[in-house]
Each structure stands twice: as C-alpha cells, then as structure tokens.
Amino acid sequence: MSDKANLVAGRSGPFEVVIGMEVHAQVVSEAKLFSGASAKFGGGPNAHVSLVDAAMPGMLPVINEACVRQAVRTGLGLNAQINLVSVFDRKNYFYADLPQGYQISQFQQPIVGEGSIRIDLADGSSHEIGIERLHLEQDAGKSLHDQHPTKSYIDLNRSGVALMEIVSRPDLRSAEQAAAYIKKLRSILRYIGSCDGNMEEGSLRADVNVSVRRPGAPLGTRTETKNLNSVRFITQAIEYEVQRQIEIIEDGGEIIQETRLFDTQTGMTRAMRSKEDAHDYRYFPDPDLLPLVLEQALVDELAGQLPELPDQIRARMTEEYGLSSYDAAVLTEERETALYYEQASSGQDRKLVANWMTSELFGALNKAGLDLSASPVGPEQLGRLVALVSDGTISGRIAKDVFAEMFESGGEPEQIIEEKGLKQVSDSGAIEALIDQVLADNQDKVDDYRGGKDKLFGFFVGQVMKASGGQANPGMVNQMLKAKLDA
Amino acid sequence: MSVDKDTVKKIARLARIAVPEDQTETLAGELNGILNWIAELEQVDTEGVPPLASVTGHPLPLRADQVTDGEQPESVLANAPEQASSFFVVPKVVE
Amino acid sequence: MSDLLKLTAVEARAGLDSRAFSSVELTQAYLDAVTATRPLNQFVTETADKALEMAAASDARLAKAEAGLLEGLPLGIKDLFCTKAVQTTACSAILKGFVPEYESHVTDQLWQAGGVLMGKLNCDEFAMGSSNETSVFGPPVNPWSKDGGPALTAGGSSGGSAAAVASRAVLLATGTDTGGSIRQPAAFCGVVGMKPTYGRCSRWGIVAFASSLDQAGTFSRTVADSALMLQAMAGHDPRDSTSANLPLPDCQAAVTAGVKGLKIGIPEEYVMDGMDPAIMALWEQGQKWLVEAGAELVPVSLPHTRYALPCYYIIAPAEASSNLARYDGVCYGLRVEAESLDEMYAATRSAGFGEEVRRRILIGTYALSAGYYDAYYLKAQKVRQLIARDFETAFASVDAILTPATPSAAFALGSKQQDPITMYLNDVFTVPASLAGLPGISVPAGLSEAGLPLGLQVLANKFAEDRVYQVAGALEAAAGFTLAPPRAAGEVQ
Ligand SMILES: [Mg+2]
Ligand SMILES: [Zn+2]
C-alpha cells in the first residue's frame, strides 16, 4: 500500500511514512477495573483510592464485570475476534505512580484479537486500518512535578482505572490518516458508549509509532511518542517526527528506537530523559487472577444489543441517500450529529439537508463556539427550512438570511418569513409585471441582447431579482425572461 | 545458562536492589548454585504439557460495577513515609 | 503449669460453656505463659490489653449464650496476617512500624468466631525460610531445645506459631504454608499443623509471598482442635479471586470417623537417600497403625516428586519478586531517603529486605527476565502440571496419602545457614502437595533418638479436608503423642 500521494519529499527524493498507533481509552464504568473505588475523573488527592489501588500488603484484585463487557462490545464494534479465554499478566516495572510495582495488563492472550477500522479522507479515498488487538489494563496514578522544587507529588485517583489499549497495525501513511483514524476510533467508542472520548481529561490518549523509509524499502526504525491527548498534537507530533527523521537520514545519520515526549508548547518531540532501562517487563500471568472465560452466548447477547455504528449509518447515507462518502463520514462522526441529520432530513431532500448541515449549521455553531447539542436551530426546524427551499417558498439566498435569524433568535422559519415578508414571489403575473418594467427601462440593452450579446441575460435576471427585493422565484424569472427576450 | 557479574548487576537494577560491587562475585556464585540445581528441570519432558494456570479450577469471578470503596485518603495515607496535602511525596521524578 | 494451659481447645470451649472458668481467666493464664516464654522469642508483638478486652467481650457473649466456635480462646497470629491497628511486619525491616487499616479475612473470621488475639507471632521474613532465621526479629527457639543443649530451630516459616502452640503460650495459632511452612514447623515442635486446599481460606489481607501457593492454616495441639479452628477460618471470600466457593466438609466429625476401608497411598518416591532411619521407622509405624485401624495400604507412584523442589524454587521466587515490588518506600513502610527516586528505591529495598529475601527476589527476577521466561517460569509451570497430574492419578485409586513430614527432626539454629539449597531440602516432602494445591496435615507421632518430635504427613485430594482429618485422627489416637516440650510454659524457669 504505497500511495504516491502520501510520499513526503526529502532533499534526496521521496520518503514513505509508516505510522502505527496504540490508543489508551478509559472504559466507561462506575468503579475501577480491580477495585471498588470510583472511576470518576477528579476528586481530592487520593480520594478515589481503595487500599487495593494503593497496593497495601495482602490486597487482591477482583475484576469488574462491566469493564469486561465494555471491552467485548468495543471489540465487536471494531469487527474484531473476541477471545473466549484471555489472561491477565503482570507487567513489572518501578514507577512512583505505580504502587504495585506492576501493571495488570494482558500480554499474550488479550480479550480482543484482530479487527479493523475504515477511515474516509477528504479526497474521497477510504482505507482499511488493521487493528492488532485490544486488551484491558489498569491505568497508573498521576505524578505532579510542579508542586515542589525537589519533590514529586503522587495522586492515585487514576490508579487502577480500567483502560482499553487498542493497538493498530502500522497501516497509516500520513498525519492526516492518523488524525482520521483517531477520530474514527473515538467516534466508534462514543457510539458504543465504552469510552467518553474526552481527550482533554485524558480519557483517550495515543502513543504514536512513526518511521520513514524509501518507497518500497523495508520498515525503518521507529520512535514512539507517548501520551498525545488531542488530534492536533497527534498531527503535529507526526509531522515533526517525519521531518526530524528524514533530516537525520539525509544527513547520513541513523534513527534510534526510543520513546519520545511531545512538547505542546513548541510542537516538538524530545527523547525521554529517564531512559527506562532496556524494557524488560518480566510479564507473567497474574497469580492473583484466573483466566477470564467468556460464554459465546454472552458475546452474542452483547452483539445483539450493539447500537448502529457509524459505518453502517454511513453506508445507508451513501447508498440510500446518495451522499458523498466524505459528507457521510462527517455526519456520522458523532452519534448526535447522525441522529440530528436523520431527524432533520427525514422526508426531506437528503442531500440538501446534508449541505445545509455541513455548511451553514456547522459554520454557525463553530463561529458561536457551540456544540450541536446546544444548537438554537433544532433538527426539525432545519428540516422545515430546507422544505421551504425545496417547495419554492423561499430562495436559497433568502433561506440563508432566515437561517441566520433562526440561529440568532431560535425562531421558527415560517414565522420569520412571514414577519419579514420574505416569501418568494411565484405569482407569474407579478413576475411578468416586474420583467416588463425592467425590459422597458433598459430598451437599449434589450436591443444589444437581441443583436447577439447573450451575456446580458444575467444582467436582466439580476435586475428583476433586485426589483423583487430578492423574493422572486429565480427559476420562474429565468424561464419567463428567456421567453420574453427570445420572443 | 550461567550468571556473571554483569548479569547480577542487570537483575539487581531491574529489581531495584543495590548490590555493592564487592558482593556481585559472591552473589553470582550463589545464584549459579541455585540455578544449576534448578536446571534439573530440563530433564523433564514437557512436550505438549500446558502450564498449570491455577489449581482451583474455577474461572475468574466477576464483580458488579459498583462503587464500594475509596473516599478514605486518611487510611490510604496513614502509613505514608512522606505526605503533603493528601499527596504521597517522593524525590522529584525527571521524565 | 496452670491446669488451664493443659486443656485442648475443644476442652477449653466446653469449660467456658459450662462456666467452669471465664475467658478472662483463661486468657490471663495464657498471658502469663506468654510472659514466661518470652526467652523463646515467639512473639514479635504482644497485645495483652487487647486480649483482656476481647476476653471480657467473649465472657459477655458466653453469658448471653451467643458464643462463637472459638469463643474466648487465646489465639496467636502469624505476623503475616494484617491486623487492624496492630503492627504487621512480615518480620521484615521494610514493614517495621506498619499498622494496617484493615483486618485480613481469616483473622476477621477468627474474631467473629470469638477468638482472642494474644499477639503477632514470629516467622521468616515474608515467610521465606525453613528455620525462621530470616526474621528481622531473630528466630524463635524451639521449646523442645534442651537445657544446656544447642538452641533448636522451631522450623519455618511459621516457626513462632508452632513454638507458641507447643510451649502453651497460645491455644491455637494461624500459619501460612507456601511450600511447607505450616507442616514442617509443626513437625519440628510436636504440634498439629494443617494446610488446607489452596483456595479454602481467603488470602485477602495476608502479606503475599507466592500467590499461587500461599495458603493459611492452623496450628493446634490436637487434630480435633485443628478441625475446630479450620471450621472458623475457612470460607469463601469474594475479595480473593482464587477463593473457592465450596462448602467445607464436616471436618470435626471426620476426626473420629476412623479409617476403616480407606485406601492409603504410600508413594515409593518418598523413600530418599540418606533419610534419618528414625523418620523411616516412624513412617512404617504410621502405616502399621493405619492398617490396624482397618485401612488398606496401596503403593502409589508420584514420578515427578524429585522435580518438585526445583520447580518450587522457580515459581515461588518468581511470584515473590513481583509481589514484593510494592515495598518501595512510596506509600508505606521503610524509606531510605535519597536524591532521586531510583536511588531511593534501591536504598530502601536493600536496607529493608534481608539476605534471603533479596536472594529470592534476584532469582525470581532472573527467572522472569527476557529470554529466560520460557526456560524457567514456563517450564516450571509445565512441570507443576505434571506433578499435579501425578497426584490426580494417585487419588483415582486412594483416599489419602501418608508420608513423613520432614526429612529430619529440628536442627540447631545456625547449622544450615551457609548453604541455601541445604535449607531448601527441608521441604522435600511438603512442597509437592503445595504445588498441586492439596490439603495436608502434619501430626506429631513420635520422637527421634535425641528425643525430638517427628511428624507424619497426610495428604488428600483437593477440597477433601475431611479425609485428611479422618486419617490424622486415627494416627493421633494410635500414636498417643501428648508430650509437652521441656521448655513449655511452667517448665521454663
Ligand atoms: Mg504503549
Ligand atoms: Zn498500555
């Protein structure tokens, strides 16, 4: 899969970029993965902490059923293999915010195996991105380094919160694809309800593995940039890494396989100072836990209860509604958007509603800094506005003004049109009168037109529309004007 | 399989146990003694034998998703060697 | 010796019920015994005030006829069980001063049954040892040590528990057994030590050594007392994922049920080179007793027995290396201050762990490290499977297995410290059953030439503790071992 379009030019020729992502998604649950403490974000220091999370002597893990179900549901949403037997392992390493001295994770036998995610890009292309695995694991606590000049402060509120680590194949070829991937993954998780996707609070964060190579060459050495918590940072980090690696290679250097950190201030990555000594995590099955065994019946039950997912909705939108795959992807990114669209476009011109949403509505929301859920224009109102355009009550031009007014005041389209007298003139008698007046006032141009200056047609249309205050039905104006002039 | 001084240092580093330089040799000897004794296991034919995962034979029990614990920072911090404002405190960590 | 100290737990319960004496009286007698036996270094923490308080509460419940199974009985607790508001150290410098905010499931059950906490008992550091010499508090002395003779080991790791029961400083005590840590010290001290099936007693709140092997159990002077105590401490605990949700069979009835018609397996591989002839003779005597009681002897083969110790000494240290990673000076326990976090870790763990614990952590770390996992840990878990299968095969044709408990009688403190492997060999008869998760008991059955107690071990299939007690009860009745050690309370000057 060596897309020409994705090659990056270096001084000495093109490079291909290879990206794989490891995404940590916090599972939506009340309690933590192995303890009864709250999984809620926030709280006072060490408030959401049980003695299990603090790894007190003799404390033992017991797994949260809801987290298991969420992982299975997510696996189903990623069209992935659900493993009926999976094993929890200990990943051993020392860190201040890891009280056990190990993270309970899944290594050789994850709960979810291979799956895939489809991404749709603005240029109309679609790509299948392979998912290698999804496994359940514990989050670590949080170290605060800015509270004291020589000390770090440790808060264990996050310690033990359930995470799904979702590992992609190195199938991504550009920062744009990586951004589309994380957006799509986030979208699927939010549809399923297994992760709230809140990147700012760290509910979703990505480790990005980047390497470059000459087209067709074997894989280059990769670096891993950790803990990116926004789509913008992911894009920036990849772009920075690609340039950095290409420069090193072109200067005759070699890429070192290492873990890097992204500086959100400078947009640059740097090698971690505390080099974790040659990763030797000494994984072994956690003897405090037994193999996790799932019944196929449970998997089937969860599959049956899964909501319609973006790809299924998108397929309906392109096949039945005739939307472009990009528009469909945009409208299905968020479940609320898709629901809004379905409601607004029900019984209406589906494509027209899609255009109105992606241009006018999203534009206005963006400008006002509002979420769709807070939109002053509801789906039904938007649908009615589009209906009024479709049936010729108002022109598209006027509709934009009406929309602006609706967005401003929250008013109903019919009312606004009525109050402001914006109804489109479709009375042929009235239009004819306007046309006659315009032609009479511009006899010289009529002669020029009839003498062969076709281009003047637009001038007459404009004059008639102007005379109508923009309310004349443009289709009728066109048609009747043509008839008069060509008579 | 034999443990040399460098291996001792590597393992000690992984285990976060300081081993004074003058003890690495002795320790390597001791560990080798134990490892040679353990090596007897190589004689056992384990072809096709699954590792024993658990002796109890029951599957992993699942617990209900309910908040039943936490909200006790005093208990959590009761034995802390150093604390401040309900945080554990450690020497500064440089990433 | 106060007459109260001569009572078994079952007898003491009857005396309390009939109001022949109160729990406060009984407890006071034992508190005096605790004081008298202090030179034996059995306790690491004494809780006299708490004991009298609990005894008074027991008397109140006895008066209201609300007595529990162990109501009013003075108990000693191995210092590996976390006890709320009572220092719990695992006999390690790294946990000195640690006061848990919680009560282990097992001890909680014991208090609910009316038990009285006399204090925390000495053991090997993190239960790693077979002589109790790795304890940061120094070893307890076996009460069978003779005046003027060398101080003998009480065995390990639950040496303090075995010694305290033998010396009449407590009536009953808890222990934990990972590879023999209940059965071996019980044999050395001439008391009954029971390790139930893995999963029978919750591990919640017990300082972990090797999670897949650790199992709590009992120390008592009689088999019936053991059954009584196990009844109180066993039970399903949803906080321990490995805890079995199966009812305990009627062990107390089993003690006197006899062995008529039972098939007793005698494993040929337990005859070892250089075995103490007294041990061999005792084993043969035990077989004779059982036959006389109506049992049938069946030779069985446990072909992987000789691999059990090496297998154990991979699995246990590997799990321990991970279980002990939490002792890092951050959230609790010892901290040795240093400039950086990593230096703090290393300084704390080097100062806090003793030599044997450090050695096992290093072995375990090595066995799990990249490139060696398959050769060591994975291989050991496969061999463990074969060992478990050996027992499965045997139990298809026998009801119980009889073996010696230890290869020798108690040895002198300091005599086996130079070479770790010599020390490890102490557990040769107990480790195989630990790997298979089986219940096993050690019953005092005779004396060595030097006049030291020797034990026989009875093993049964998983969750068949009643079989263990049936056979143990028969052995006890036949052996009639009722001797008190020379340095028991009252005999100690
Ligand atoms: Mg990662
Ligand atoms: Zn992870």
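The values are calculated or read from the model by the stated rules, or taken from the named source; none is laboratory data. Quick caveat, the model's predicted, so the values are computed rather than measured. Because the Cβ atoms are built from the backbone with ideal geometry, glycine has one as well, and the counts that use them run over all protein chains shown.
Here is how the numbers come out for the structure above:
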| item | result |
| --- | --- |
| Among (1) surrounded by 19 or more Cβ atoms within 10 Å (Cβ to Cβ); (2) facing another protein chain (nearest Cβ under 7 Å); (3) not charged (D, E, K, R) - the single one residue B:35 does not satisfy | (2) |
| The one condition in (1) within 21 Å of residue C:223 (Cβ to Cβ); (2) without any contact (Cβ under 8 Å) to a residue 60 or more places away in the chain that residue C:450 fails to fulfil | (1) |
| Test: residue in the stretch A:61-83 that is more than 25 Å from the chain's Cα centre (by Cα), farther than 30 Å from residue A:307 by Cβ, more than 16 Å from ligand 2 (Cβ to nearest atom) and within 9 Å of another protein chain (Cβ to nearest Cβ) | yes |
| Residues located in the stretch A:129-180, provided they are closer than 23 Å to residue A:31 by Cβ, out of contact with any helix residue (DSSP H, G or I) (no Cβ under 6 Å at 6 or more places or on another chain) and among the hydrophobic types (A, V, I, L, M, F, W, C) | A:140, A:154, A:156, A:161, A:163, A:166 |
| Lone qualifier among C:330, C:336 - being in a loop (DSSP other than H, G, I, E, B), of a type in the set (A, V, I, L, M, F, W, C), within 21 Å of residue C:97 (Cβ to Cβ) and within 7 Å of another protein chain (Cβ to nearest Cβ) | C:330 |
| Single match in A:139, A:123 (criterion: more than 16 Å from ligand 1 (Cβ to nearest atom), among the acidic types (Asp, Glu) and out of contact with any Phe, Trp or Tyr (no Cβ under 6 Å at 6 or more places or on another chain)) | A:123 |
| Boolean, residue A:70 is crowded, with 24+ Cβ neighbours inside 10 Å and of a type in the set (S, T, N, Q) | yes |
| Subset of the stretch A:30-48 (residues that are surrounded by fewer than 23 Cβ atoms within 10 Å (Cβ to Cβ) and closer than 11 Å to residue A:160 by Cβ) | A:36 |
| Selection within the stretch A:316-356 - of a type in the set (Phe, Trp, Tyr) and either assigned by TED's automatic domain parsing to the domain that holds residue A:183 or over 21 Å from residue A:375 (Cα atoms) (or both) | A:321, A:326 |
| Some residue of the stretch A:182-190 being touching a residue at least 60 places away in the same chain (Cβ under 8 Å) and within 16 Å of ligand 1 (Cβ to nearest atom) | yes |
| Condition check for residue A:300: at pLDDT 95 or above, in contact with a Phe, Trp or Tyr (Cβ under 7 Å, 6 or more places away or on another chain) and acidic (Asp, Glu) | no |
| Close pairs from the stretch A:194-207: first touching a residue at least 40 places away in the same chain (Cβ under 8 Å) and within 14 Å of another protein chain (Cβ to nearest Cβ), partner within 16 Å of ligand 2 (Cβ to nearest atom) and part of a loop (DSSP other than H, G, I, E, B), Cβ under 7 Å, at least 6 apart | A:194/A:27 |
| Out of A:360, A:408, sole residue that is under 20 Å from residue A:325 (Cα atoms), not assigned by TED's automatic domain parsing to the domain that holds residue A:471 and not hydroxyl-bearing (Ser, Thr, Tyr) | A:360 |
| Within the stretch A:291-365, helices (runs of 4 or more DSSP H) holding 2 or more residues that are hydroxyl-bearing (Ser, Thr, Tyr) | A:325-332, A:335-345 |
| Residue A:25 more than 16 Å from ligand 2 (Cβ to nearest atom) and within 30 Å of the chain's Cα centre (by Cα) | no |
| Matching entry among A:52, A:17 (being closer than 30 Å to residue A:215 by Cα, buried (at least 23 other Cβ atoms within 10 Å of the Cβ) and more than 16 Å from ligand 1 (Cβ to nearest atom)) | A:17 |
| Residue list for the stretch A:28-49, restricted to those being assigned to a strand (DSSP E or B) and either within 16 Å of ligand 1 (Cβ to nearest atom) or more than 29 Å from the chain's Cα centre (by Cα) (or both) | A:37 |
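To keep it simple, each residue is scored yes or no on (1) farther than 28 Å from residue A:38 by Cα; (2) surrounded by fewer than 17 Cβ atoms within 10 Å (Cβ to Cβ); (3) within 7 Å of another protein chain (Cβ to nearest Cβ); (4) not hydroxyl-bearing (Ser, Thr, Tyr).
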| site | (1), (2), (3), (4) |
| --- | --- |
| B:55 | yes, no, yes, yes |
| B:60 | no, no, yes, yes |
| B:64 | no, yes, yes, yes |
| B:69 | no, no, yes, yes |
| B:73 | no, no, yes, yes |
| B:80 | no, no, yes, yes |
| B:88 | no, no, yes, yes |
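So that you can scan it fast, the table gives a plain yes or no per residue for (1) assigned to a helix (DSSP H, G or I); (2) loosely packed, with under 13 Cβ neighbours inside 10 Å:
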{"residue": "A:405", "(1), (2)": "yes, no"}
{"residue": "A:411", "(1), (2)": "no, no"}
{"residue": "A:432", "(1), (2)": "yes, no"}
{"residue": "A:457", "(1), (2)": "yes, no"}
{"residue": "A:460", "(1), (2)": "yes, no"}
{"residue": "A:465", "(1), (2)": "yes, no"}
{"residue": "A:476", "(1), (2)": "yes, no"}
{"residue": "A:480", "(1), (2)": "yes, no"}
{"residue": "A:483", "(1), (2)": "yes, yes"}
